[in-house]
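The values are calculated or read from the model by the stated rules, or taken from the named source; none is laboratory data. If you're wondering where the values come from, they're calculated on a predicted model, not measured in any experiment. Cβ coordinates were reconstructed from backbone atoms using ideal geometry, including for glycine residues, and neighbour counts include every protein chain displayed.
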Amino acid sequence: MLRATLCCVLTLAAAAVAYQWQRLYDTPEKCEVGEGAQITYGADSIWGVFPNWDAEFGHTYVAHYGPLSPSPHQPPDGRWSDPIAIPGAPYLFGTGITFQWDQGSALYVLGYLGASAQTTTLYWHTPNNPEWHEYPDDQVLTSLGSGACIVFVPNRSFTVLNQVAGYIYCLHGNNDKYFLRYSIVPSAYTAVAGIFPPDDATIADQTPRFQWNPASQGEYRLQVSTDRQFGNTIIDTVVYAAEYQETSKLANSTYYWRIGTPDSLNWIWGDVHSFVLLGGWEFREPIPENVQFGAALAYEGDPWCWDGRQSIIATVGGGSTGFYKYDVEYNTWTDIDELDHTPKPQLGGTSLTTNDPTGEYGQWPHAAFGGSAQYIDRPYYYDVSQDQWFVFDSTEFGPFLQSLGAGACLVDGPSHWSYLTTGAQGGFPTHWFYALEPPKHIKTHKEGSEAGYIYAGSTRARVITSHDRIEVEYQLPAAAYVRATLHDAVGRQVGVLDAGIQQSGTHRLSWNNAQQGRRLGAGAYFVLLDMGSGQVRLKSVIR
């Protein structure tokens, strides 16, 4: 539809405010913004999940708005995609959505079917492939309920010895305190010297594929055990290829495995390998307060005094004002008395967002709080240096132009822009979708979006990736000595891009497969760009 025009009454009422919410294209007809609807940011788009009781059994739709401009000076002039119903999923209750922006891009939707016989499923798909996938049902999530929400957390220790692509953290809802973590399997495993799982590796695949170096006779006996002496054998099978695919789900544990080759009536055993399986859903430290409708999660990549730790911030809903922080490394929640309570009760339509989850410095979380039909307010931000909530004043954020009801969601996108759905009004779902550019809170484009921009002070940089080339484009505000190093996923330096002293302006460095006679294989790479007065870390993925 054409861009909607704000009514003159609202325009006049807010005329004194410098920065107003801009009404963008409404969500598609099938994508009603009511209870269970949420939006998130990833891959240069705003993604939304929209449960819709539009037929006898209803459907749950997913659509995205984009592409979004990475420039702070260009409006988000995107379009909504055609909505796609999640296959096999009618109306989903307890819906959550999050985007995996590290170690590959994927969209995750969580929900359960039916109010009496709950069946909880985690769905996912990649942005460039419309096919949806399901992770198997897990008993720990069968009582998922109102207030359930999820958020993606990257595995910063991702290497060939820690092949967990990241984690989905989940508040269970249902008026309980359960908090869970799902370990994500990478899109492709990495063997070491022909062996998988590698020695002392951590993997997330609960039905792992075993691989070893072939022998001349081609007959093998695989044994897998939780005991180094193989007194408790889980798998004991004879195969005729140097690999074996397990079909039954293994429990999380430390495993030992070995390969035997035949010699007359005996088996000659090779070396014993070991790995740790850390897959599926696991219970973590419970959140201190019961979770109800209005709960929200957001990931903060480098928060709270910039100590490098990963944290998750949370509200618990149900009209509470409790605000909590979870330390990912230590699996602990900060006591409620150590954090400032939220300034408004957390009702339906409450949401949290962080404007730089992957940058080098912690950024202030933003929040929107749902309320009554007469509730008009602005977003709030949490100042971590003062441990206090503040409302954005009229010179930075205009007030919401509608009340925030069930399904309302505030999300930070690229550059300065923030995005908002206002949710149900008077108990009825809406399609309203807004954007606003707050001028005073510089933020980076989330890592993991290829050709994404990173702003570091007055310096801008981006990485451009093709099948055989990695390029870095950057702007210098003044003359500087520029040097970049290229590293693979395990941190090994595989190239140097040395430009020497360069004048102010836009420049580009390039690394390709022909340089130094060495090819860059498919996988993740990191560029450390040193510009004298500052450093920028960018991620590149060769497909």
Query raised in the report: In the stretch 292-308, is there at least one residue being assigned by TED's automatic domain parsing to the domain that holds Ser351, more than 30 Å from Arg156 (Cβ to Cβ) and not hydrophobic (A, V, I, L, M, F, W, C)?
Result: yes
Query - Residue count, the stretch 154-187 (criterion: closer than 20 Å to Phe99 by Cβ, in contact (Cβ under 8 Å) with a residue 60 or more places away in the chain and out of contact with any Pro (no Cβ under 9 Å at 6 or more places or on another chain)) - result: 13
Report task. Select from the stretch 160-181 the residues that are surrounded by 18 or more Cβ atoms within 10 Å (Cβ to Cβ) and among the β-branched types (Val, Ile, Thr) and write down the one among them that is farthest from Ser311 (Cα to Cα). Result -> Val164
Query - the stretch 419-433, residues that are surrounded by 24 or more Cβ atoms within 10 Å (Cβ to Cβ) and of a type in the set (Ser, Thr, Tyr) - result: Tyr419, Thr421, Thr422
Query raised in the report: So, of the residues in the stretch 21-48 that are over 15 Å from the mean Cα position of the chain (by Cα) and not in a loop (DSSP other than H, G, I, E, B), which turns out to be modelled with the highest pLDDT?
Result: Val33
Query raised in the report: Among the residues of the stretch 116-132, is there at least one that is modelled with pLDDT under 90, in contact with an Asp or Glu (Cβ under 8 Å, 6 or more places away or on another chain) and on the phi > 0 side of the Ramachandran plot?
Result: no
Query raised in the report: If we keep just the residues of the stretch 182-206 that are surrounded by fewer than 21 Cβ atoms within 10 Å (Cβ to Cβ) and among the aliphatic types (A, V, I, L, M), which is nearest to Ala242 (Cα to Cα)?
Result: Ile195
Requested in this report: Could you tell me whether any residue of the stretch 244-264 is of a type in the set (Phe, Trp, Tyr) and either within 30 Å of Tyr178 (Cα to Cα) or surrounded by fewer than 16 Cβ atoms within 10 Å (Cβ to Cβ) (or both)?
Outcome: yes
Query - From the options Gly322, Gly260, residue that is assigned by TED's automatic domain parsing to the domain that holds Gly166, small (Gly, Ala, Ser) and farther than 22 Å from Gly166 by Cβ - result: Gly322
**Report entry** Single residue of Thr202, Thr233, Thr254 found to be without any contact (Cβ under 8 Å) to a residue 12 or more places away in the chain and over 30 Å from Ser320 (Cβ atoms)
**Finding:** Thr233
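Quick one: is Phe152 in the same structural domain as Thr237 (by TED's automatic domain parsing), surrounded by 20 or more Cβ atoms within 10 Å (Cβ to Cβ) and either touching a Lys or Arg at 6+ places or on another chain (Cβ under 9 Å) or at pLDDT 90 or above (or both)?
On the way: in the same structural domain as Thr237 (by TED's automatic domain parsing): no; surrounded by 20 or more Cβ atoms within 10 Å (Cβ to Cβ): yes; either touching a Lys or Arg at 6+ places or on another chain (Cβ under 9 Å) or at pLDDT 90 or above (or both): yes.
When the stated conditions are applied, Phe152 does not pass them.
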